Amino acid sequence: MATPPLSGTRVLDLTNVLAGPFCGHQLAHLGADVIKVEMPGSGDLARQLGVDSALNRAGMGISFLAQNPGKRSVTLNLKHLEGKALFKRLVRTADVVVENYRPGVMDRLGLSYDVLQAENDRLIYCAISGFGQDGPLRGLPAYDQIIQGMSGVMSITGASDTAPYRVGYPIADTIGGMTAAFAIAAALAGRDRTGGCHIDVSMLEATLATMGWVVSNYLIGGQVPTPLGNENFTSAPSGTFEAADAPLNIAANKQEQFEALCRVIGREDLMAHPDYRERDNRKRNRFALKAEIETSLAGNTAAHWVERLNAVGVPSGPVFTVPQVLAHPQIRDRGMIAGFAGVPGVGRDIQVLRTGVKLDGAAPAVATPPPRLGEHNGEVYGELGLDADAIAGLAREGVL
């Protein structure tokens, strides 16, 4: 695609750590000019987070590097009177403001949606918080693990003897950021008809929204969700199975897939067994069926069974580690991983993930690496008409 879909769109990103920055990460890759507005001296907390302590000390922590390629960084003290005035000038040039402060913080700063909309009536203002802008929990701080626990995700993750269990990456933060990016893109698409708007993203609600089948089985069917480990609650045999050398996933969700599985592993007798012949019986007797299947799978490697099963239309796949999936040609050769050489502030080459979409067959990409704190003060504020002396003066006064 010659022109990215959000080219010409300016986003002011006031966010920290993950949910908000992940939102901006999506928008930047779709062509938006994302200006990261950071607190002087410290910036985004993610600059201090990651496994490399030297990078943390340099303000270029790996957690920051992962979500902020392609953005421009300016520093601005929003508590300072002149800082507020300068931010309003930025808002007049912007299409979107994204923030993930606790509800009420922007009001106390005198920079609420209503105030900013008076500066720019086409502004799309997106507030990301743990629980939303109203309700009894609105003022509570929200971290991914808190949302995982309160959303019900942890209650159904793990097995009966290990649940509740945390998902192994910040899924609620990521879902919150993705939801915000989707809502912003929709609002931009409709803005000529509807004007600017206020978007309220609750990480709790966004996470719940992704739990559709699990929640609906309770809301509609009255079934309380329970943890099933690596088993798929909708069908059997469907889940993780042990082969001779490693686990593999098998999803024999249809009757014909179950029968094909039985033939491949040489257990045609299971097709006629009264406990397994029909779908509902297989679900009731899933663990006994799993044991029967694993007895046969033990005769060969996971790779052998993956190849044999996929060849007859039974979905199956290996259980990769993170290094293994990153090295696989399906990821390696489709542009999912971006490289930046000699990144300023880092002092070496880095690799980071892009987004999970392709436009006209190509992975959307950004041209610049994650920015140093305040790297673009001169550039961005210069676009507002401030010269070098004015910018230096604001820096001395603690505005920048």
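All of the numbers you see were taken from the coordinates with simple rules; none came from a lab. Since this is a predicted model, take the numbers as computed values, not measurements. Glycine also receives a Cβ, built like all others from the backbone with ideal geometry; neighbour counts cover every protein chain displayed.
Work out the FRET efficiency for Thr3 and Arg396 from their Cβ-Cβ distance, taking R0 = 41 Å, and round it to the nearest 0.05. Please report the intermediate quantities before stating the final value.
On the way: r = 41 Å, r/R0 = 0.99.
Computed FRET efficiency for Thr3 and Arg396: 0.50.
Please give the contour-minus-distance gain from Val215 to Phe287: 0.36 nm per residue of separation, less the Cα-Cα distance, rounded to one decimal in nm.
23.6 nm
How many nm is it between the label spots at Val115 and Arg191, if each spot is 7 Å from the Cα in line with the beta carbon?
Label-label distance for Val115 and Arg191, simple model: 2.2 nm.
Give me the distance between the Cα centres of segment 201-229 and segment 283-325, rounded to whole Å.
27 Å
Applying 1/(1 + (r/R0)^6) with R0 = 41 Å to the Cβ-Cβ distance of Lys358 and Thr93, what FRET efficiency is obtained, to the nearest 0.05?
On the way: r = 31 Å, r/R0 = 0.75.
Efficiency for this residue pair is about 0.85.
Under the rule a/c < 1.5 gives rounded, and otherwise a/b versus b/c splits prolate from oblate, where does segment 42-104 land using the Cα gyration tensor?
Values: a/c = 2.25, a/b = 1.97, b/c = 1.14.
The shape class here is prolate.
Going by how many other Cβ atoms sit within 10 Å of their own, how do His376, His198 line up, fewest first? Provide the component values of the computation, followed by the final result.
On the way: His376 19, His198 16.
Fewest-to-most ranking of His376, His198: His198, His376.
Calculate the spin-label point distance for Asp280 paired with Glu383, positioning each point 7 Å from the Cα along the beta-carbon direction, and give it in nanometres.
6.2 nm
Considering the alpha-carbon set of segment 279-400 alone, what are its Rg and its Dmax in angstrom?
Both quantities, over Cα of segment 279-400: 26.4, 78 Å.
Tally Lys and Arg at +1 and Asp and Glu at -1 over the other residues with C-beta under 15 Å from the C-beta of Asp333: what net charge comes out?
On the way: positive: Arg332, Arg334, Arg354, Lys358; negative: none.
Around Asp333, the charge tally is +4.
Of Glu99, Glu379, Glu119, how do they rank once you tally other Cβ atoms within 10 Å and put the fewest first?
In order of increasing Cβ crowding within 10 Å: Glu379, Glu119, Glu99.
If you project the alpha carbons of segment 238-322 onto the principal axes, what extent comes out on each, in Å, largest first?
Principal axes ranked by extent give 38, 23, 22 Å for the Cα atoms.
What nm value, rounded to one decimal, do you get for the distance between Asp134 and Ala367 when each label is placed 7 Å out toward the C-beta?
With each label placed 7 Å out from Cα toward Cβ, I get 4.4 nm.
How much length is gained on full extension from Arg348 to Ala311, taking 0.36 nm per residue of separation minus their Cα-Cα distance? Please report the intermediate quantities before stating the final value.
Numbers: separation 37, 0.36 × 37 = 13.32 nm, distance 4.38 nm.
This chain segment gains 8.9 nm when fully extended.
In nm, what is the difference between 0.36 nm times the number of residues separating Glu242 and Arg334 and their Cα-Cα distance?
Numbers: separation 92, 0.36 × 92 = 33.12 nm, distance 3.01 nm.
Contour length minus Cα-Cα distance gives 30.1 nm.
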